[in-house]
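Chemist: Could you have a look at this structure, given as structure tokens, before my questions?
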């Protein structure tokens, strides 16, 4: 996984509120870029029923006329194509909307999620700041969900993880989401909904703000049925280990989401999140015989 941060300055030296570039514009910038150097890749990146192998974010500096355009690619062909072109051709400008921007600097980071797996701890209480509007499409109806419901949030992140990082470790989606339903809840939130232009006839509506999440004590009833399904006796050691391991996955997936975004239209700059751990599990949170 590669993170590219482009430091951009407007050619005319100003960025006013009315000409802020939306995230979706940067998606167009990338597609136009690829069209000129590897056109067949443009179609491959937007095949239906496939998880888009990149995410976009942009940060507009409030003090000086500068934009940081951030592209996270988890497709080797996409990463290699862009890096090769960056290294072989000095890109001086990018056309964004109606304006030209000078490319002052490009920062390249290689992200190693093996480190995330090794360093993650079992989180008990945490919060997420939804920096850019987020929403979730579901098969349960025609309307998107505009709340950080745990099973939708983590179901989305599990799908992304299994698609791009299955080789590191695969998550049993059904089992994990059943555990989330039994143990994770939103303990508080302060949110609002906003409309966002994504370059389509209709804007989309997503939620912004902060949500706090808490993991309940071990749900003995859940584990009773889970162990019956596994055809094994009630085992305190197994229950504690499984509970702790799933709490670790909560932290891993939240950290993943900081790079991939969450929900729908991640490639249009939506669903940008920031993760904050508050409390981790301790011995008193586990079962004793």
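Chemist: Has the stretch 243-255 got at least one residue that is closer than 22 Å to residue 189 by Cα, in contact with a helix residue (DSSP H, G or I) (Cβ under 9 Å, 6 or more places away or on another chain) and part of a strand (DSSP E or B)?
Modeler: no
Chemist: Follow-up. Within the stretch 83-95, identify whether any single residue is surrounded by 15 or more Cβ atoms within 10 Å (Cβ to Cβ) and closer than 21 Å to residue 51 by Cα, and answer yes or no.
Modeler: Kept after step one, since they are surrounded by 15 or more Cβ atoms within 10 Å (Cβ to Cβ), are these residues of the stretch 83-95: 83, 85-86, 94.
In the following step, the residues that additionally are closer than 21 Å to residue 51 by Cα were identified as none.
No: the stretch 83-95 contains no residue that is surrounded by 15 or more Cβ atoms within 10 Å (Cβ to Cβ) and closer than 21 Å to residue 51 by Cα.
Chemist: Give me the strands (runs of 3 or more DSSP E) completely within the stretch 27-115, filtered to those with at least 1 residues that are within 25 Å of the chain's Cα centre (by Cα) and without any contact (Cβ under 8 Å) to a residue 12 or more places away in the chain, ordered by residue number.
Modeler: Details: elements: 54-60, 67-73, 93-96, 99-110.
Strands (runs of 3 or more DSSP E) meeting the threshold: 54-60.
Chemist: I've got another one for you. Could you list, in sequence order, all residues of the stretch 116-134 that are surrounded by fewer than 19 Cβ atoms within 10 Å (Cβ to Cβ), over 16 Å from the mean Cα position of the chain (by Cα) and assigned to a strand (DSSP E or B)?
Modeler: Answer for the stretch 116-134, where residues must be surrounded by fewer than 19 Cβ atoms within 10 Å (Cβ to Cβ), over 16 Å from the mean Cα position of the chain (by Cα) and assigned to a strand (DSSP E or B): just 125.
Chemist: Checking residue 206 against (1) touching a residue at least 24 places away in the same chain (Cβ under 8 Å); (2) in contact with a strand residue (DSSP E or B) (Cβ under 9 Å, 6 or more places away or on another chain); (3) in a loop (DSSP other than H, G, I, E, B), only one condition comes out false. Which one?
Modeler: It is condition (3) that residue 206 fails.
Per-residue answers, yes or no, for (1) more than 18 Å from the chain's Cα centre (by Cα); (2) at pLDDT 95 or above; (3) not assigned by TED's automatic domain parsing to the domain that holds residue 271:
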{"site": "175", "(1), (2), (3)": "yes, yes, no"}
{"site": "185", "(1), (2), (3)": "yes, yes, no"}
{"site": "195", "(1), (2), (3)": "yes, no, no"}
{"site": "198", "(1), (2), (3)": "no, no, no"}
{"site": "203", "(1), (2), (3)": "yes, no, no"}
{"site": "206", "(1), (2), (3)": "no, no, no"}
{"site": "211", "(1), (2), (3)": "no, yes, no"}
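The values are calculated or read from the model by the stated rules, or taken from the named source; none is laboratory data. Since this is a predicted model, take the numbers as computed values, not measurements. Please note: Cβ atoms are built from the backbone with ideal geometry, for glycine as well, and neighbour counts cover all protein chains shown.
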